[in-house]
1. Might you check whether a residue that is over 17 Å from residue 15 (Cβ atoms), touching an Asp or Glu at 6+ places or on another chain (Cβ under 8 Å) and of a type outside the set (D, E, K, R) occurs anywhere in segment 55-63?
2. For residue 106, work out the one condition from (1) out of contact with any Ser or Thr (no Cβ under 9 Å at 6 or more places or on another chain); (2) more than 21 Å from residue 246 (Cα to Cα); (3) in contact (Cβ under 8 Å) with a residue 60 or more places away in the chain; (4) not aromatic (Phe, Trp, Tyr) it doesn't fulfil.
3. Of all residues in segment 52-85, how many are within 21 Å of residue 112 (Cα to Cα) and either over 15 Å from the mean Cα position of the chain (by Cα) or of a type in the set (Phe, Trp, Tyr) (or both)?
4. Can you tell me which of (1) surrounded by fewer than 19 Cβ atoms within 10 Å (Cβ to Cβ); (2) within 19 Å of the chain's Cα centre (by Cα) is the one residue 187 doesn't meet?
5. Failed condition for residue 130, given (1) surrounded by fewer than 22 Cβ atoms within 10 Å (Cβ to Cβ); (2) under 17 Å from the mean Cα position of the chain (by Cα); (3) farther than 21 Å from residue 14 by Cα, with all others met?
6. Just one of 150, 132, 140 is touching an Asp or Glu at 6+ places or on another chain (Cβ under 7 Å), touching a residue at least 60 places away in the same chain (Cβ under 8 Å) and more than 27 Å from residue 95 (Cα to Cα); which is it?
7. Sort out which residues of segment 48-64 are surrounded by fewer than 20 Cβ atoms within 10 Å (Cβ to Cβ) and in a helix (DSSP H, G or I), and write them in order of number.
8. Within segment 9-35, how many residues turn out to be at pLDDT 80 or above, assigned to a helix (DSSP H, G or I) and open to solvent by 40 Å² or more (accessible area, probe 1.4 Å)?
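The values are calculated or read from the model by the stated rules, or taken from the named source; none is laboratory data. Computed from a predicted model, the values in this text were never measured in an experiment. Please note: Cβ atoms are built from the backbone with ideal geometry, for glycine as well, and neighbour counts cover all protein chains shown. Quick note on the areas: whole protein, heavy atoms, side chains included, nothing else; ligands and nucleic acids left out. Shrake-Rupley method; radii C 1.70, N 1.55, O 1.52, S 1.80 Å.
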Amino acid sequence: MLWIESFFVALSTYSALPAPQFEWNERNMKYALCFFPAVGLFCGGGLFGWYALCSVVGASDFFFAAGAVCLPLLITGGIHMDGYIDTVDALSSHQPRERKLEILKDSHCGAFAVIYCGVYLLLSLGLFYELAGRPGAIAALCPLYCFSRALSGICAVRLPNARKNGMLSAYTQSAEKRATAAVLAVVAALSGAAALLLAPLPGVGAVLAGLGAMVFYRRMALAQFGGVTGDTSGFFLQICELACMAGAWAGGLFV
């Protein structure tokens with residue numbers, strides 16, 4: 001029962017999918033982050049199903065790409081995009097660290113947030129359009145939604161928390177950190193290996209790009225915020241997924 005509760009706590013927090021609601025407590029929060037990558041199964045499965053449907057009905061590559069950009073946002077409810085927007089707003093302010101942390105909590109949407117959200121969506125649209133004619137590369141992307149979430153969870157439990165409150169703090173303070181990091185590392189390895197098996201060169205490019213995004217994020221979060229928050233974790237997830245798409249596209253150029 002504990003594992004079931006932890007699964008649904010993660011699913012209800014990090015997705016917009018219907019799920020039973022459980023009260024957060026120290027017991028079911030201990031391993032909740034272990035199930036964070038499970039949301040990626042729905043995102044990856046959704047992408048695969050959407051690609052198959054578009055292939056059957058003969059939809060254009062652009063129509064597929066537009067739907068592929070929207071799917072993760074619809075499945076997750078935009079929770080990670082919200083973190084991305086808040087983080088780029090804070091980074092674009094060029095203010096001291098304390099002020100950046102305040103901007104992360106500000107519910108108002110700044111001009112830079114809107115601009116960089118548009119940039120992100122356009123880049124995603126372009127990459128999906130380029131990948132639409134490469135079934136192997138699309139297949140390799142599907143397990144990488146789990147890969148990106150596993151890396152995000154590892155960063156959450158292994159890097160210092162920039163604040164002592166907030167949703168991420170609630171997750172990490174209650175988490176069994178060593179066990180959670182170990183489980184997430186196994187998930188990252190398995191999902192990365194799945195991408196390589198499905199399409200070796202696009203898979204290699206995507207995995208390396210995702211790991212590169214993790215290195216960048218670690219340095220940025222420590223330097224700019226003194227650690228991680230829920231918003232910066234959402235920022236990383238979006239950047240990691242965009243990097244994986246770019247890596248899959250680059251790797252596919254050699255096929």
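1. Within segment 55-63, not a single residue is over 17 Å from residue 15 (Cβ atoms), touching an Asp or Glu at 6+ places or on another chain (Cβ under 8 Å) and of a type outside the set (D, E, K, R).
2. Unmet for residue 106, out of (1) out of contact with any Ser or Thr (no Cβ under 9 Å at 6 or more places or on another chain); (2) more than 21 Å from residue 246 (Cα to Cα); (3) in contact (Cβ under 8 Å) with a residue 60 or more places away in the chain; (4) not aromatic (Phe, Trp, Tyr): (3).
3. Residues meeting the conditions: 1.
4. Condition (1) is where residue 187 drops out.
5. Failed condition: (2).
6. So the residue among 150, 132, 140 that is touching an Asp or Glu at 6+ places or on another chain (Cβ under 7 Å), touching a residue at least 60 places away in the same chain (Cβ under 8 Å) and more than 27 Å from residue 95 (Cα to Cα) is 132.
7. Hits for segment 48-64 are 48, 49, 50, 52, 53, 54, 55, 56, 57, 61, 62, 63.
8. Here the count works out to 1.
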